[in-house]
1. List pairs: first residue in the range 65-87 and within 30 Å of ASP28 (Cα to Cα), second residue among the β-branched types (Val, Ile, Thr) and part of a helix (DSSP H, G or I) anywhere in the structure, Cβ distance under 7 angstrom, at least six positions apart or on different chains.
2. Right, LEU61: in contact (Cβ under 8 Å) with a residue 24 or more places away in the chain and more than 28 Å from the chain's Cα centre (by Cα) or not?
3. Could you say whether any residue in the range 31-52 is surrounded by 10 or more Cβ atoms within 10 Å (Cβ to Cβ), under 21 Å from THR15 (Cβ atoms) and out of contact with any Leu (no Cβ under 6 Å at 6 or more places or on another chain)?
4. Of all helices (runs of 4 or more DSSP H) completely enclosed by the range 65-137, which ones contain at least 3 residues that are in contact with a Pro (Cβ under 6 Å, 6 or more places away or on another chain) and open to solvent by less than 80 Å² (accessible area, probe 1.4 Å)?
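The values are calculated or read from the model by the stated rules, or taken from the named source; none is laboratory data. Not measured: the values here are computed from a predicted model. Here the Cβ positions follow ideal geometry from the backbone for every residue, glycine too, while neighbour counts run over all protein chains shown. Remember, those area values only see protein heavy atoms, side chains included, never the ligands or the DNA or RNA. Shrake-Rupley method; radii C 1.70, N 1.55, O 1.52, S 1.80 Å.
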Amino acid sequence: MWYRTRTKELEPTRTLQKRLERSQPVLDAFSAWLKQQTPLVLPKSKLGKAVTYCLKQWDRLEGFLKDGRLEIDNNCAERSIKPFVIGRKAWLFSSVVKTAKENGLNPFHYLSYLFEKLPNIDTTDKEQLAQLLPWSTTLPQECRVPTKSK
């Protein structure tokens, strides 16, 4: 944040000059480190994949050093889409609750049951997952809303 605050008010050419002074040496050192690590890490390890990815994306990483008008990060774009991402997750949760209600389940008890069972099953096993769906007849009675007898 300190970087943006100090260069935000500058003309693009001056911003670029400051970036080249401050960031270019850091990126040069990082690039040298990445190249040094390449023969030392296993390519399929997490670090190996990260090193390879970073080297392949190097031109994009250095983009802010080519034009002082470019933002140094994408925080503005990320902040603008955050409400949609959060909303999407909320709608997904809301749809699970609504589906539970439509299938005669108590959402609290059903979700509690899911949170207890899901970590302990093989989520690639379609039969096990099917037993947890809101319309499954194998759900325990405590997940169901008691029916009123006439």
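1. GLY68/THR13; GLY68/THR15
2. Numbers: in contact (Cβ under 8 Å) with a residue 24 or more places away in the chain: yes; more than 28 Å from the chain's Cα centre (by Cα): no.
Criteria not met by LEU61.
3. The first filter runs over the range 31-52 and keeps only residues surrounded by 10 or more Cβ atoms within 10 Å (Cβ to Cβ), leaving 31-38, 41, 43, 45, 47-52.
Those left that are additionally under 21 Å from THR15 (Cβ atoms): none.
There is no residue in the range 31-52 that is surrounded by 10 or more Cβ atoms within 10 Å (Cβ to Cβ), under 21 Å from THR15 (Cβ atoms) and out of contact with any Leu (no Cβ under 6 Å at 6 or more places or on another chain).
4. 75-102
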